[in-house]
1. Go through segment 35-56 and count every residue that is within 25 Å of residue 108 (Cα to Cα) and open to solvent by 40 Å² or more (accessible area, probe 1.4 Å).
2. Going by what's in this entry, would residue 2 be described as surrounded by 10 or more Cβ atoms within 10 Å (Cβ to Cβ), among the polar types (S, T, N, Q) and without any contact (Cβ under 8 Å) to a residue 40 or more places away in the chain?
3. So which residues in segment 104-116 are open to solvent by 70 Å² or more (accessible area, probe 1.4 Å) and assigned to a strand (DSSP E or B), if there are any at all?
4. Report every pair of residues separated by at least 6 positions or lying on different chains whose Cβ atoms are under 7 Å apart, first residue within segment 39-62 and free of Cβ contacts under 8 Å to residues at least 12 places away in the same chain and among the polar types (S, T, N, Q), second open to solvent by 100 Å² or more (accessible area, probe 1.4 Å) and part of a helix (DSSP H, G or I).
5. Of the residues 70, 119, 126, 101, which is open to solvent by 50 Å² or more (accessible area, probe 1.4 Å) and at pLDDT 90 or above?
6. Mind counting the residues in segment 73-85 that are closer than 17 Å to residue 119 by Cβ, modelled with pLDDT of 85 or more and open to solvent by 40 Å² or more (accessible area, probe 1.4 Å)?
Amino acid sequence: LSLGAWLGIPEIDGIASILIGLVLVAEALVLGVESRGLIIGEAARPIVVSRIREIAAGYPELGAVEVRTLQLGVETILVSLRMQTPVAAIEAERPHVVERLVAELHAEIPAIQDIVFELGARARGLTS
């Protein structure tokens, strides 16, 4: 209002209102795109998934491991590790290996909230 009164051009107030509206629409679109993945669920970033795979590969007693992730929040990740070998059999052969894996994953990637171990008949796409 001040600029319009000062310059004697009342249309400046309308133009400023339109520009503010466009900025708000742009911000709403950005927020919508950013939060869409969190609302419907998306995998963690590829670099995080790659690091999880590298860590799991450091435990050959687990055999082939299929890694799945779900980004639950900005700094919250759910990890699912599907293995061919039951956890009980792994623990019987090598005590505390699963605990060490979980501890290493949490230490390396603090955003990991939960880790779920699944027993699959065969980890898809992987060979041991």
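1. 10
2. Numbers: surrounded by 10 or more Cβ atoms within 10 Å (Cβ to Cβ): no; among the polar types (S, T, N, Q): yes; without any contact (Cβ under 8 Å) to a residue 40 or more places away in the chain: yes.
No; evaluated as a whole, the condition is false for this residue.
3. 113, 114
4. Cβ pairs passing all conditions: none.
5. Among 70, 119, 126, 101, only 70 is open to solvent by 50 Å² or more (accessible area, probe 1.4 Å) and at pLDDT 90 or above.
6. So the answer is 1.
The values are calculated or read from the model by the stated rules, or taken from the named source; none is laboratory data. Note that the structure is predicted; figures quoted are calculated from it, not measured. We place every Cβ from the backbone using ideal geometry, glycine too, and count neighbours over all the protein chains shown. Only protein heavy atoms, including side chains, enter the accessible area calculation; ligands, DNA and RNA are left aside. Shrake-Rupley method; radii C 1.70, N 1.55, O 1.52, S 1.80 Å.
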